[in-house]
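In what follows, a single structure is set out as C-alpha cells and then discussed.
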Amino acid sequence: MTTLKNILSRYLCVDLRTLGIYRIALGLVCFFDVLRRIPYIEVFYSRDGVAPNQFMAEMAGRYSTKAFTLLSSLNTTTEISVFFYITALFSFFLMVGYKTKLSHIITVIGILSIHNRLIILENGGDLVLNNMLIWSLFLPLGKRFSLDRIIHSLNTHRDDTPKSLNTSEGTLRCEPTHYWGLAYFACLLQLSMIYIFNYFNKDGSTWESGTSIYYFYQLDTFLTPLGNFIKEFGLMPLALSKILTSMTMTFELVVPFLILAPFFTLWARRLTLVTMIGFHIVIGISLYIGTFSWIMVAALLLLLSSKDLDLLKRAVRRLSSGPFTVFYDSDCGFCHETARILRRMDLFNNLTWAGKDWDGRTPDSLNNLRETTIVVWDEKNNQIYTRHIAFSKIMSALPFGFIDAWILRLPVVSHISGYVYDLVSRNRTSISTSLGHSACDISKEYKDQSVDFSYTVTPMQRLCTYGVESVKTVCVFILILASMQYAFTKNDGFRDWLKDNNYETFKHNTDLNRISKKTRMIQKWNMFSPNTPRSFQWCIIEATLNDGSVIDLMTGEPPIYDKLDYQTYQQIDNSQFWRKYFNRVAKKNYKRYRPQLKQVLLSSKNPLRPYDDLNQDGVVDMSDRIESVKLYKVSKSINSPTSEKMVEKKVRKNRIDLDNTTNTRKKSKSSKRIK
C-alpha cells in the first residue's frame, strides 16, 4: 500500500508552495496578455472593427461550434474596455492571491472571452494559457504566498503582544502542506501532450534536414533585436542549426516521458525543469511569438518538488540580510499590525520583534531614539538603522527583499521615503484610530502568552470537502477525456504516424469535441509544423483617397512593395494580432473575412486610420476620404543554408480579392517578382 501511495503521489500530489509560485507566474502572464491587447480593442473587438459581433455570430453558426465568450454581448469600445480592465484587475488579484478562487474564476471568464471573441488572432500561446487556466481552476492556488494566506493567518492567530510575534510561527500545527487531486495530473498530462504532439507534427523536411533553427533566425517578421543580432552576425550556421534542431526534436520526444516517469521522478523532473525553462526563455527573448514561451515557463514551475523548494529556500536565505532586532512602538495599533504582517512575510525568521516590554539586550543609544522612530539593530555588527533606512533593512531580511530594498537608499528616493516615513510616524496615532485600532491596544495582561493553534477539521467540514473534491475529480476526468480525444484525432502528424505503423486511428467523438471547442481547450499542437516557414510575408492595405493619392493605411505613407526585411517590420505594427490576422485573411480558408474588412476600411468609422489628414496636405477635408481599398500580400523567400550562392531574394506581390468574386486568388499585373 505504501508503494502504491508513493507512485500515485508522483502524479496526484503537489506541494502547496509549488502552487503558490505557479499562481504568481500564471497571474502575471494573464495580466500582461490582457494589457497587450488593449490598444487593439477598437479594431479587433468592437462593433466598428474588422469583426463585429453580428458578423462573428454568423461565422460561428455557419462554420463551427461557437466558443464561449461574454464579449459577444458587448459592442461599444467603452463597454469592452471596461471588460478588459476588469479582467486585468482580477488577473493582478490572482497574481497576488487576493480572493484567489474568485479572482481565478473571473480571470478564466475574462481571458476565455477575449481569446474566443476573435479566434483568427490566436496562436499556440493563447491555447496553452486557456488550458492551464482551466486545469488549475481545480487546484488550491491561494494556500501559500498569497494575501489570502496572510489575511487568514492574521484572523486566526491573535498574536496581540510583541512577545507572541517571536514565539508563534504564524501557522497551524498539523496543517496540510500538500494537495492531492486529479487536477495536478491533468496539468502534467497537458505539458506532456504539448511536447509529444509537437514532436509528431514536426515531420517536414526542415526538421528532418536540420535546417529549422536556421530558418527561425531568418524570419524577419518574428525576430526580436536579439534574434536579428543572431541573424546579422551569422551566429546560426548550418552545422549549429542541425545540432539545435536535433536537440529540439529530442527534447519534445523525451520530455513527456521524463515528466510522467514513475521512477527517478525527482531528477527526471529537475532535468526537464532546468532544460525546458532555459529553452523557452531563449526562444522568448529572440522571437516574437506572443505569450507561448512565458506561459510554458509558468506551467513548468509545477514540476518543482518539495526538495527543490527547500533547496531554493536555503539559497535565497543566503541572499537575505539579518538577523535583526526591531524595536518599535508596540503601544501603537497601526505599528503592531504592520509588525504582524511583516512577521508573516519573514519566512526565514530573520527579525526579532521588541516592544515596550522587551527585556533582552539593547543597543546603547536606544532610549534616545525609541520614541521618535523605529530602530533596527544589527547586533552582530553593532549597527543601528532608523526611519526609512530601518525599513530598507527589514525588507532586505525578507525573501527576495534584496531585489528592491536598496531603492529606499537611493539619494533622491531616500529623501522622499524619509519624508513619507516622518509623516506617517507623526500621525500614527490618528492612523491607528482611523483603521479601527486604538492608540494603545496592546494587552499587557496577556503579554507573556504565546500563540499556538492546531489545525482541526470538523466532521461536517470533512464531508463537504469530500463532496467538493469528488465533483472536481469528475469534472477534471471529463475534461481529460475530451482533451485526449481531441489530441488523438486532430493532430495530423500523429495520425500519419499511426497509419504508417499500421495502427488504427482514433474515432472522432462529437460530444467530447464540443467540450474542447466550447472551452477552447484545443489540443492541436503544431507550432512551426510540419515545416518551419521558408518565407515571410506582410499585407499592405492600399487606399486610394478622394484626391487620387495612394497610401498604405498601416503606415499613412506611400506603399512600398519592393522591400521586406527586419527594418520594414520595425516601422509597422508587427504584433501577433496583425500578423495572425493578415496571414490568415490571405488564405482561402479565411476568405469569408475579407468583405467585412473592406466594408470597415471604407466606412466613416474606420478604426485603423480614422478621418484625418491622410494626404498630409495640412488640411482635413473631403480629399482625405478613402474612395477604394486593395489588399496586397508581399512575401519574400529565404535562402537555403545549403545553397552555394546567397543572393538577395526578390519580393513577390500578390493581389488579394476582397470581394471574393472568384474562387481562386487573382494575381495582379504586378504579381511578378519585382526588385
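The values are calculated or read from the model by the stated rules, or taken from the named source; none is laboratory data. Just so we're clear, the structure is a prediction, and the values are computed from it rather than from any experiment. Neighbour counts are summed over all protein chains in view; Cβ atoms, including those assigned to glycine, are modelled from backbone coordinates with ideal geometry. Please note that ligands, DNA and RNA were not included when accessible areas were found on the heavy atoms of the full protein model with its side chains. Shrake-Rupley method; radii C 1.70, N 1.55, O 1.52, S 1.80 Å.
Each of residue 147 and residue 584 was given a label point 7 Å from its Cα along the Cα-to-Cβ line. The distance between the two points is 3.5 nm. Looking at the chain, the accessible area is 49 square angstrom per residue; that uses a 1.4 Å probe and ignores ligands, DNA and RNA. Net charge dipole, the chain: roughly 2360 debye, given to the nearest 20, about the Cα centre with Cβ charges of +1 for Lys and Arg and -1 for Asp and Glu.
Solvent-accessible area of the chain (1.4 angstrom probe, protein heavy atoms only): carbon and sulfur portion equals 59 percent.
Taking each of 517/588; 99/490; 490/633; 143/580; 499/587; 242/313 in turn, the alpha-carbon distance tops 32 angstrom for 99/490; 143/580; 242/313. Available extension along the chain between residue 646 and residue 508 is 45.0 nm, counting 0.36 nm per residue and deducting the alpha carbon span. Full extension of the chain between residue 263 and residue 356 gives 27.9 nm of extra length, using 0.36 nm per residue less the Cα-Cα distance. Put a plus charge on the Cβ of each Lys and Arg, a minus charge on the Cβ of each Asp and Glu, and nothing anywhere else: the dipole of region 40-164 about its Cα centre is then about 500 debye.
For the pair residue 4 and residue 473, a Förster radius of 22 Å applied to the C-beta separation gives a FRET efficiency near 0.80, rounded to the nearest 0.05.
Put simply, the C-alpha atoms of region 597-661 give a gyration tensor, and the ellipsoid matching it has half-axes of 37, 17, 9 Å, longest first. In region 356-405, the inverse of the mean reciprocal separation of distinct Cα atoms equals 11.8 Å; this is its Kirkwood hydrodynamic radius. Shown for the chain are the DSSP H helices of 24 Å or more along their axis, judged by Cα atoms, with a mean Kyte-Doolittle hydropathy of at least 0.5: 16-35, 77-96, 100-117, 182-201, 238-260, 265-286, 459-490. Taking only alpha carbon atoms, region 15-86 gives an Rg to Rh ratio of 1.12, where Rh is the Kirkwood radius. What Kirkwood radius, in Å to one decimal, follows from the Cα pairs of the chain? Radius from the Kirkwood sum: 29.0 Å.
First measure r as the distance between the Cβ atoms of residue 404 and residue 85, then evaluate 1/(1 + (r/R0)^6) with R0 = 35 Å and state the FRET efficiency to the nearest 0.05. Result of the calculation: an efficiency of 0.85.
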